[in-house]
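Below is one structure, written out as structure tokens; comments come after it.
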Amino acid sequence: MSALAQLPLDATFAPIKEADVSREMTTRYMQDMLDFAEVDVVIVGAGPAGLSAAYEFTKHPEIKVALIEASVAPGGGAWVGGQLFTPMVVRKPAHLFLDDLNIQYDEKENYVVLKHAGLFTSTILAKVIASSNVKLFNATSVEDLIIRNGTVAGVVTNWALVTKAHGTQSCMDPQVIESKITISSCGHDGPFGATGVKRLAELGLIKSVPGLGALDMNAAEDAVVAKTQEIIPGMIVTGMEVAEAYGTARMGPTFGAMLLSGRKAAILAVQQLKG
Ligand code: AHZ
């Protein structure tokens, strides 16, 4: 009989000192902040593209990665498929990425369908969080970039709730994480959308952010993957932020390009880091 099967229904818990709970959480979190104040890669945004980049880095345990997500719950748009319906469509050949994650799907000729988008998001999230080299800081927003001589050298961070309260309180200064490469996967809409490339435009480091074109699934997915690249030294853009940055079409609820764009962004970063 398994240990769990032997557990009485009205089990009594081992005693604990309340302060020890605080100490466990505080020392571990603060140690992570110390360890990850300087990293190889920062990924901004843990939607499908950012998570796919993070997953690729789990295959390179020597590369230290901070994954920053403004929401309490990571996953961005990858908890629902389209119009709040939960099945997720992934066009081939991105099903190979799902195979690597060992995720089940229904097979069609040119695409596959997951019974629930959460199956992708929870599986990839579990693998990223369990890794030794990628640290997820959720409820944390990137408010700005560190720029040195025209190169992105890291990000400026704050608790996401503080970021939301800047309009109601006087100066609440942020923190920083220095990085060799920043992968911007901020998505396209919502209060935080495309913040990485919008900030580059404000600073005059890129000409403009043309924004999304109208929906065209076929053109959109190929274009996002093809244009996943270093936009200025030190910053690689991935996911729907690519479509914002280069004015390519939106694809709507087909997710293959997010997976392959995130993977490509990470591989480009690995190539740079390894020279
Ligand atoms: O909370 C955001 C979301 O989880 C997070 N984020 C954005 N800006 C941030 C900041 N600091 C910290 N400054 C930030 N976190 O980034 C995540 C972006 O996820 P997403 O799902 O919006 O973008 P994605 O590019 O990974 O995937 C897009 C999915 C879409 S949208 C679309 C369409 O409209 O046509 N089609 C697809 C497949």
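The values are calculated or read from the model by the stated rules, or taken from the named source; none is laboratory data. For clarity, every value in this text was computed on a predicted model and none was experimentally measured. A quick note on method: Cβ atoms are made from the backbone with ideal geometry, for glycine too, and the neighbour counts reach across all protein chains shown. The area values use the complete protein model at the heavy-atom level, side chains included, leaving out ligands, DNA and RNA. Shrake-Rupley method; radii C 1.70, N 1.55, O 1.52, S 1.80 Å.
For Thr27 and Ala139, the FRET efficiency from 1/(1 + (r/R0)^6), where r spans their Cβ atoms and R0 equals 22 Å, is about 0.75. For the chain, modelled as a Gaussian network with Cα springs under 10 Å, which listed residue fluctuates most, Glu18, Glu202, Glu143? Judging by the Gaussian network model, the answer is Glu18.
Note on Ala226 and Leu273: the extension gain reaches 14.8 nm, defined as 0.36 nm multiplied by sequence separation minus the Cα-Cα distance. Legend: calculated FRET efficiency, Lys164 to Gln6, from the Cβ-Cβ distance at R0 = 45 Å, rounded to 0.05, equals 0.45.
Based on Cα contacts under 8 Å between residues 6+ apart, the range 190-275 shows a relative contact order of 32 percent. Measuring nothing but how far apart in sequence close Cα pairs (under 8 Å, 6+ apart) lie, relative to its length, the chain scores a relative contact order of 22 percent.
Counting every alpha-carbon pair across the chain, the share separated by more than 37 Å comes to 16%. Averaging the sequence gap over all C-alpha pairs within less than 8 Å and six or more residues apart, then dividing by the number of residues, gives the range 112-163 a relative contact order of 25 percent.
Packing around the peptides 112-124, 52-64, 204-216, taken as the average count of other Cβ atoms within 10 Å per residue, puts them in this order, highest first: 52-64, 112-124, 204-216. Each label point was placed 7 Å from the Cα along the Cα-to-Cβ direction; for Glu202 and Ala19 their separation is 4.4 nm. With K and R counted +1 and D and E -1, the other residues having a Cβ less than 10 Å from that of Arg199 yield a net charge of -2. A protection proxy built from the mean count of other Cβ atoms within 10 Å ranks the segments 262-271, 101-110, most packed first, as 262-271, 101-110. Label-to-label distance, His116 versus Ala73, with points set 7 angstrom from Cα along the beta-carbon direction: 1.1 nm.
With springs only between Cα atoms under 10 Å apart, run a GNM on the chain and tell me which of Leu259, Leu51, Leu161 wobbles the most. Residue with maximal mean-square fluctuation among Leu259, Leu51, Leu161: Leu161. Accessible area per residue (1.4 Å probe, heavy atoms of protein chains only) ranks Cys171, Cys186 as Cys171, Cys186, with the largest value leading. Using the Cβ of Ala214 as centre and a radius below 15 Å, the other residues enclosed give a net charge of -3, where K and R count +1 and D and E count -1. One decimal place: the segment Asp173-Asp106 gains 19.2 nm when fully extended, by the rule 0.36 nm per residue minus the C-alpha distance.
With the helix formula -39500 (n - 2.57) applied to DSSP H stretches of n ≥ 4, the chain reaches a computed 222 nm mean residue ellipticity of -10500 deg cm²/dmol. Of all the options Asn158, Asn133, Asn218, the one that moves most in a Gaussian network model of the chain with Cα springs shorter than 10 angstrom is Asn218. In this rough spin-label picture, where each label sits 7 Å from Cα along the Cβ direction, the Ala126-Lys92 distance is 2.8 nm.
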